[in-house]
Amino acid sequence: MIILGYFGSIIVSQGLYLSHVHEDQVLATQRLMSARAENDRLRAEKDRLDELPYIEKLAREELGMTGVGELPYAPGKRANSN
């Protein structure tokens, strides 16, 4: 009986260990997929940075830059009517 109990406890502990390993594998696979998606997004962004219209769009939207002869537009601000 003692031998059967010992082997039974070993089987249970190995089953728990394999369960934890499987959970870790699932989490690692999810992180890998997320990292690959982010890598693809960054590669696409890098490729777009070679295109002048995209650079101009970023300059206008993120830096508030304007072209020659253009006036900056600030949404939500009104001119004083006094």
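The values are calculated or read from the model by the stated rules, or taken from the named source; none is laboratory data. None of the values given here were measured: they were computed from a predicted structure. So basically every Cβ, Gly included, is an ideal-geometry build from the backbone, and we count neighbours across all protein chains shown. The area values use the complete protein model at the heavy-atom level, side chains included, leaving out ligands, DNA and RNA. Shrake-Rupley method; radii C 1.70, N 1.55, O 1.52, S 1.80 Å.
Treating each Cα of the chain as an identical point scatterer and ignoring solvent, apply the Debye formula and state log10 I(q)/I(0) at q = 0.21 Å⁻¹.
-1.01
Taking the Cβ-Cβ separation of GLU70 and GLU45 as r and a Förster radius of 25 Å, what is the calculated FRET efficiency to the nearest 0.05?
Plugging the Cβ-Cβ distance into 1/(1 + (r/R0)^6) gives 0.45.
Tell me the per residue accessible area of the chain using a 1.4 Å probe; a whole number in Å² is fine.
Counting only protein heavy atoms, the per-residue value for the chain is 97 Å².
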